[in-house]
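Visitor: Structure below; questions to follow.
Coordinate-derived values only; no laboratory data. Everything numeric in this text was worked out from a predicted model, so none of it was measured. In this analysis, Cβ positions are derived from the backbone assuming ideal geometry, glycine residues included, and neighbour counts consider all displayed protein chains.
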Amino acid sequence: MKIVQDMPPVLSALDRPNSYIGRSVPRPNLARLMQGRGQYVSDVVLPRMAHVAFARSPHAHARIRAIETGRAKSAPGVIAVVTGAELARVMTPWVGVLTHLKGIKSAPQHALAVDRACWRGEAVCAVVARSRAEAEDAIELVEVDYEELAPVTDAETALDPGTPVIHPDLGDNLTFERRHEAGAPDTAFAEADEVVEATFRFGRHTGVTNEPRAVVADWNPGEQRLTVYHGTQAPHMMQNLFAKHLALEEHQVRVITKDVGGSFGIKVHTYADEMATVALSKLLKRPVKFVADRIESFVTDIHARDHRVQARVAVKRDGTITAFEIDDLTGIGPYSVYPRTSGIEANQVVNLTGGPYTCPNYRALARVVFQNKNVMCQYRAVGHPIATAVTEGLVDLAAMRIGMDPVEIRRRNLIADDAYPTSGPSGIRFEQLSHHASLDKVLAMMDYRALRAEQARLREKGVHRGIGLASFIEVTNPSAAFYGVGGARISSQDGVTIRLDAQGAIICHTGVTEQGQGAEAVIAQVAASAFGVPIARVRVVTGDTDNTPYGGGTWASRAAGIGGEAAWQAGKALRANVLAVAGSILQAAPESLDIRNGTVIDRETGRERIGLDEVARVAYFRPDTLPPGFQAELMATRHYVPRAWPFAFTNGIQASLLEVDVETGFITLLKHWCVEDCGTVINPQLVDEQVRGGVVQGLGAVLFEHCLYDERGQLLNGNMADYLVPMACEMPDIAVGHVVSPTADSELGAKGAGEAGTAGAPACVMNAVNDALAPLGAATITEMPITPSVVLRALGRV
Amino acid sequence: MKPPAFAYAKARALDHAIELLGVDGARLLAGGQSLIATLNMRLSSPSLLVDINGIGGLEGIALRDGRLEIGALVRHVQAERSAEIARHAPLIARAMPHIGHAAIRNRGTLGGSIAFADPAAELPACLVALGGEVEIAGPEGRRTVAADDFFKDLFETALGPRDVLTAIRVPAATADTRVGFAELARRHGDYAMVGLAAAARADGKAPKDPRLVYFGVGTTPVRARKAEAALAGGSLDQAVAALAQDLAPQDDVQATAAVKTHLAGVLLRRVAQQLEAA
């Protein structure tokens, strides 16, 4: 894959003399990671540390009659064998519901299954041993007497009267239902020139992080404190949850999260086996480590998507789209995942469908049902690929029906760039988007007309190329509206503390976390720019609940936009404080001074006045020389949370060029484009690689990745040979372009960029495949992943 | 993903390896690219691994009496770069880039691939297509088994529990040798959904004595004998049609039997073109 450079213009508003905003500064942690000096939880070794492995249910649904642990307990190296009932005395169960998702319900979930296993892979018994290998040996000696129960696997029939109810106390298998109606959809459909309907199917897939989930828990009875080394996206959220379910206070729990080998939303949830590990540490009073292996990861890391959406669009002959309607059904496994719930994705599908378009009439139904498969929850670009594929698929089908070019129908319906602020069909509010500018830019980048001409020429030679487009909107920088209002103790605000050290460098402590995406680099760039030092003189501390300001962590594309703004404000505050000291030393008005490149200067002339090391020396070691009553404050903390808008929506458009081998059904991706508008671009390279990485995950969803279950609830391809993650050989060049519409909610103006690639890639590839196949009379493809078999079926060849 | 405990012994020589294999539950370790994964996934639990990597004389590639002999410990990467294989066994040379990924080809051995006999693997099919043979050393001495007789069933070969595969031999290509190779894998380096290794002799219009060997469609490499006959008779269409009788693939996670049979036909048309090319 070739890296295509497309630098956005440098932004003047934030372009202080030594600004790093808008520059592709190398990540400060790069050398450390490249030299193998990262600090991943998988690497953590503590004195007296034991390892846990879990006996997992081989059945999708089974009553646990008895667990015989005697043989396992006497196996070499075994420290303890603990069942669900025993662990439940240490850790309370949880229920994954939020009050703002009206009516959502779930059942109590334990760290280890107590009476019943509800999916293939659920942990039912823990073995703690000196080594992971010995724990695995002893697992084979744990005898669990199961009584198999009828599994519920098909979401389509989960609500049928004849289907068993997984949690009888809940009354039915419905987790959550949302209905939404805007305008007059019935009238719009009745008055439409054409109504196009389709049923879209989205396969289950999962995140496949480079580093698996990992946790080391260390309960210290002397201190009455729990330290958890945890590969998580949200250390403060986990601090709260560990405390809550172990009956501790939050100050008794410290969560340390250093390097994390990829997360993609996988590591922002509560996992029963991780909670069990923490509880085991408390029970056994020693450090316990759990690192999921790949086989465990496939059956326990949250799965995502798995939607069936019946949808229709009403369109006038002139191309005006007048209504969307969707009926979304999604199966989420046996429990709503804690604490964010498994209702958010369907909720997002309702929110986002039709989002790029001016369309007043909309009706949506979303139903979320239980089933005996692995749990499902929020993964990168929650709900976006579903909503985007449904919307963009319908728009293309409508265009085809009325004989209009896909570009033209978008031009006629995308919300005008000067129409903001405005709302989408579901009522979501947009501050400033740039759909038309993005469309123009992508068409220019790809040379749309030339591609269409080439497509026609090649078609005559039997080469079937497809061109697909997908406009999208993207939820970033969430306010408290996402989780806080629903009662979850998940912080939407974040803080940054910056301290001047005794030699004039700065140390930034931030609540956002590094997952490999470059958050540390972004915080360092912003802090260096706001304060005025070279980036080499900035150290960033993340991922430690004892040592960072309280914050939400990294998810929903919030680290740069929210953490970055906090760093900007903290940097400005510290600059003012330092200039107060400098002014005192220099007998100058602080307003007449500035900090540039690590030195205090005259703001007007740029003349160097005093070095930061000297300011620090005086403030820390000779404060007696400062005027009486003057106190230097060389540490500043600022917090930020978006207030004006529930979310900083971004937008963009993607395009795909591909070739379909109509004999084999194989698809070759030739080129991919993405133009996105994340507002102020702090680090172009990091943004571009976020987009590319996201695109690749979206391409995985549309062509490769699929968790295949049989009707008994057994995962058939839960390994790296049979579950196809997208690999470099199959990936096209991905060109990235930017339009910049900063949010006015923050001074920095940055929105998020982490979801954009994943949001739009599946839709535009699906549209491109249908564009390639339509002239051959093929059936329209509306299911993902689009495997060779799917293509051959659409062509009627098998 | 931790293997159950096993003993390990490094064989000093072939005889030593055969002796060690007499231990109940012993398994032979060569490149380890399949074996170690099955151990880590606890799909097998041998009592003893007999490491043959230290045995000399098993990593040669040499032309002898019109046959190319490839030692069992020749690594895939070595075969991939071998001028002898490119010249004398062009079918194997064509197959090599499709096998796994660079890291796998660095460790994996040709002998291991043949002995493991994964029905979706490239090399067993190539060996059968070339009418090659397998040299085996065992407690009773050395013997040679024709490739057609070597692959018995799913992961089952003519190798006994104390046998060591020492080399494979294939007839060296001549001026009229024609080979073809194609496979369909959704990602480069994966096991094929369907693959075809083919060899024939150039003889005017139709390929003479074609051997069409499919992989990924059965429990062993599968010769499509009716299709071979039709192709020799000059009818590609009939050969493709005959595949419905020759092949009986099972549904798997990648494709149904019907899709596999369809793809087998597509591959035959593509490979037939290769066989015609000089």
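Visitor: Using square roots of five times the C-alpha gyration tensor eigenvalues, list the equivalent-ellipsoid semi-axes of the range A:628-717 in whole Å, biggest first.
Guide: Values for the range A:628-717, descending: 45, 21, 13 Å.
Visitor: Given the alpha-carbon gyration tensor of chain A, what are the semi-axes of its equivalent ellipsoid in whole angstrom, ordered largest first, with each equal to the square root of 5 times an eigenvalue?
Guide: With the √(5λ) rule applied to chain A, the semi-axes are 42, 38, 22 Å.
Visitor: Moving on. Let me have the relative contact order for chain A, percent, based on Cα pairs under 8 Å that are six or more residues apart.
Guide: 17
Visitor: First measure r as the distance between the Cβ atoms of residue A:728 and residue A:663, then evaluate 1/(1 + (r/R0)^6) with R0 = 25 Å and state the FRET efficiency to the nearest 0.05.
Guide: 0.45
Visitor: Going Cα to Cα from residue B:226, which lysines come in below 17 Å? Please leave out same-chain ones fewer than 8 positions away.
Guide: Those lysines meeting the cut-off are B:208.
Visitor: Which trypsin sites (Lys or Arg not before Pro) does the range A:425-524 hold that lie in a coil by DSSP with at most 16 other beta carbons within 10 Å?
Guide: Filter output for the range A:425-524: A:461, A:489.
Visitor: Here is a further query. Using a 10 Å cut-off around each Cβ, can you sort A:169, A:745 from fewest to most neighbouring Cβ atoms?
Guide: The fewest-first ordering by Cβ neighbours comes to A:169, A:745.
Visitor: Still on this structure: What is the pair-distance distribution P(r) of the range A:85-218, computed from all Cα-Cα distances in 5 Å bins starting at 0, with each bin given as a whole percent?
Guide: It works out to 2, 6, 9, 13, 16, 15, 12, 9, 6, 4, 3, 2, 2, 1, 0, in whole percents.
Visitor: Still on this structure, I have one more. If you take every DSSP beta bridge fully contained in the protein assembly as shown, what fraction is antiparallel? Give it as a percent rounded to 5.
Guide: Rounded to the nearest five, the antiparallel share is 80 percent.
Visitor: Here is a further query. Rounded to the nearest 500 deg cm²/dmol, what is the calculated helix-only ellipticity per residue at 222 nm for chain A, with -39500 (n - 2.57) per DSSP H run of length n ≥ 4?
Guide: -8000 deg cm²/dmol
Visitor: If I take every Cα pair under 8 Å that is 6 or more residues apart in the range A:202-359, average their sequence separation and divide by the length, what percent do I get for the relative contact order?
Guide: The normalised contact order for the range A:202-359 reaches 27 percent.
Visitor: Between B:41, B:96, B:193, where does the largest GNM mean-square fluctuation fall for chain B, given springs only between Cα atoms within less than 10 Å?
Guide: B:41
Visitor: Among DSSP beta bridges lying fully in the range A:640-798, give the percent that are antiparallel, nearest 5.
Guide: That works out to approximately 65 percent antiparallel.
Visitor: Oh, and also: Please identify the DSSP H helices in chain B that span no less than 20 Å along the helix axis (Cα) and have a mean Kyte-Doolittle hydropathy of -0.5 or more.
Guide: Qualifying helices: B:257-276.
Visitor: What is the Cα centroid distance between the range A:250-316 and the range A:724-786, reported in whole angstrom?
Guide: That distance is 26 Å.
Visitor: Could I ask something else about it? Would you work out the relative contact order for chain B, in percent, from Cα pairs under 8 angstrom that are 6 or more residues apart?
Guide: It comes to 15 percent, rounded to a whole number.
Visitor: Once the Cα gyration tensor of the range B:177-276 is found, what semi-axes does its equivalent ellipsoid get, as square roots of 5 times the eigenvalues, in whole Å, sorted largest first?
Guide: 23, 14, 10
Visitor: Which of B:144, B:166, B:38 moves the most in a Gaussian network model of chain B with Cα springs under 10 Å?
Guide: B:38
Visitor: When every alpha-carbon pair in the range B:7-51 is counted, what percent end up more than 16 Å apart?
Guide: The proportion of pairs with Cα distances above 16 Å equals 33 percent.
Visitor: Also, quick follow-up: What is the ratio of the Cα radius of gyration of chain B to 2.2 N^0.38 Å, with N the residue count, to two decimals?
Guide: Rg over 2.2 N^0.38 Å, computed on Cα atoms: 1.00.
Visitor: Looking at the range A:243-327 from every direction and averaging, what is the projected area of its Cα convex hull in nm²?
Guide: Answer in nm², one decimal: 10.6.
Visitor: I need the Kirkwood Rh of the range A:226-277: take the reciprocal of the average 1/r across all distinct C-alpha pairs and report it in angstrom.
Guide: The answer is 11.2 Å.
Visitor: So what's the projected area for the range A:534-650, the Cα convex hull averaged over all directions, in nm²?
Guide: The number I arrive at for the range A:534-650 is 9.9 nm².
Visitor: Compute log10 of I(q)/I(0) for the range B:61-171 with the Debye formula, placing one identical point scatterer on every Cα and leaving out solvent, at q = 0.09, 0.11, 0.18 Å⁻¹, to two decimals.
Guide: With no solvent term, the Cα-only Debye profile gives -0.20, -0.30, -0.84.
Visitor: Could I ask something else about it? Cross-link candidates for residue A:316: which aspartates and glutamates have Cα within less than 19 Å, leaving aside residues fewer than 8 places away along the same chain?
Guide: Correct list for residue A:316: A:186, A:191, A:193, A:194, A:197, A:325, A:392, A:396, A:405, A:408.
Visitor: Another question about this same structure. Can you sort B:126, A:118, A:764, A:359 so the residue with the fewest Cβ neighbours within 10 Å comes first?
Guide: A:359, A:118, B:126, A:764
Visitor: Could you tell me which GluC sites (Glu not before Pro) in the range A:587-656 are loop residues by DSSP with no more than 10 other beta carbons within 10 angstrom of their beta carbon?
Guide: A:604
Visitor: Then there's this: Loop only by DSSP, 11 or fewer other Cβ within 10 Å of the Cβ. Give me the GluC sites (Glu not before Pro) in the range A:700-775 that pass, ordered by residue number.
Guide: A:711
Visitor: Now a separate question. What residue among B:205, B:260, B:152 has the largest mean-square fluctuation in a Gaussian network model of chain B, using Cα springs under 10 Å?
Guide: B:205
Visitor: Neighbour counts of other C-beta atoms within 10 Å: give me A:189, A:202, A:298 arranged from fewest to most.
Guide: The fewest-first ordering by Cβ neighbours comes to A:189, A:298, A:202.
Visitor: What lysines could a cross-link reach from residue A:282, if we take a straight Cα to Cα line under 16 Å and drop same-chain neighbours fewer than 8 places away?
Guide: A:244
Visitor: If you don't mind, another one. So how long is each side of the range A:322-444 along the principal axes, counting just the alpha-carbon atoms, biggest first, in Å?
Guide: Sorted largest first, the three principal extents are 46, 33, 29 Å.
Visitor: Within 11 Å, Cβ to Cβ, of residue A:203, how many net charges do the neighbouring residues add up to if Lys/Arg are +1 and Asp/Glu are -1?
Guide: +1
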